[in-house]
Amino acid sequence: MSTPSGDYTATLPRKRMGAAVLFTDAAGRALLVEPVYKDYWEIVGGCVDADESPRQAAVREVKEELGKSIMPGRLLVTDWVPPRPGRTEGVMFVYDGGTLDEVGTADIHLPPDELSSWAWCAEEQIRERMSELLARRVVAALRAKAEGTMFDLENGFYTH
């Protein structure tokens, strides 16, 4: 197959990508943020823009959502999400944001037009506040961080 530019890769399917960062406290709880435009909580993150790597997107999203400049640590989770009504398929990346203490959270500045609050949440609160898919992904990321491993998920479920 040929395209005007001669670039065969331009004809290949495209996937939506997202990147997020998991921050934890000393007790191993996840930092969740409460969007003003959704009914459920999330971890810090968002869409990967064109010509942006997932890691670059993670850095940008932390700056936009928390006002913090960080370099994320290792990749904790990849999660392929199948298409569903109103959403294309996608690949999501979750990076380790490290452990934050009171000093590390003192400079958090939420954008009021996007986020109304943040909280440290244990697994029970994660499952209460997040969508089922996001809760599965975040719980897996917490486990990957604690175990020093990385998980390859499909729709938030372990693939092996």
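The values are calculated or read from the model by the stated rules, or taken from the named source; none is laboratory data. Model, not experiment: these values are computed from the prediction. Reconstructed Cβ throughout: ideal geometry from the backbone, glycine too, with neighbour counts over all protein chains shown. What goes into the accessible areas is simple: the full protein's heavy atoms, side chains included, and nothing from ligands, DNA or RNA. Shrake-Rupley method; radii C 1.70, N 1.55, O 1.52, S 1.80 Å.
Could you check, for the stretch 106-125, whether at least one of its residues is under 17 Å from Gly18 (Cα atoms) and either of a type in the set (A, V, I, L, M, F, W, C) or open to solvent by less than 40 Å² (accessible area, probe 1.4 Å) (or both)? Checking the stretch 106-125: not a single residue is under 17 Å from Gly18 (Cα atoms) and either of a type in the set (A, V, I, L, M, F, W, C) or open to solvent by less than 40 Å² (accessible area, probe 1.4 Å) (or both). Pairs linking a residue in the stretch 126-149 that is without any contact (Cβ under 8 Å) to a residue 40 or more places away in the chain to a residue that is among the aromatic types (Phe, Trp, Tyr) and open to solvent by 80 Å² or more (accessible area, probe 1.4 Å), with Cβ atoms under 9 Å and 6 or more positions apart or on different chains, are Arg136/Phe157. Among the residues in the stretch 42-49, are any farther than 25 Å from Arg143 by Cβ, assigned to a loop (DSSP other than H, G, I, E, B), at pLDDT 95 or above and open to solvent by 10 Å² or more (accessible area, probe 1.4 Å)? Yes, the stretch 42-49 contains a residue that is farther than 25 Å from Arg143 by Cβ, assigned to a loop (DSSP other than H, G, I, E, B), at pLDDT 95 or above and open to solvent by 10 Å² or more (accessible area, probe 1.4 Å).
Of all the numbered requirements in (1) in contact with a Pro (Cβ under 7 Å, 6 or more places away or on another chain); (2) more than 27 Å from Arg14 (Cα to Cα); (3) crowded, with 19+ Cβ neighbours inside 10 Å, Ala58 misses one, and that requirement is (2). When Val103, Val94 are checked against the criterion of being closer than 23 Å to Ser117 by Cβ, without any contact (Cβ under 8 Å) to a residue 24 or more places away in the chain and of a type outside the set (Gly, Ala, Ser), a single residue qualifies: Val103. Take the conditions touching a Cys at 6+ places or on another chain (Cβ under 7 Å) and closer than 18 Å to Phe23 by Cα and apply them to Arg129. Does it pass? Yes.
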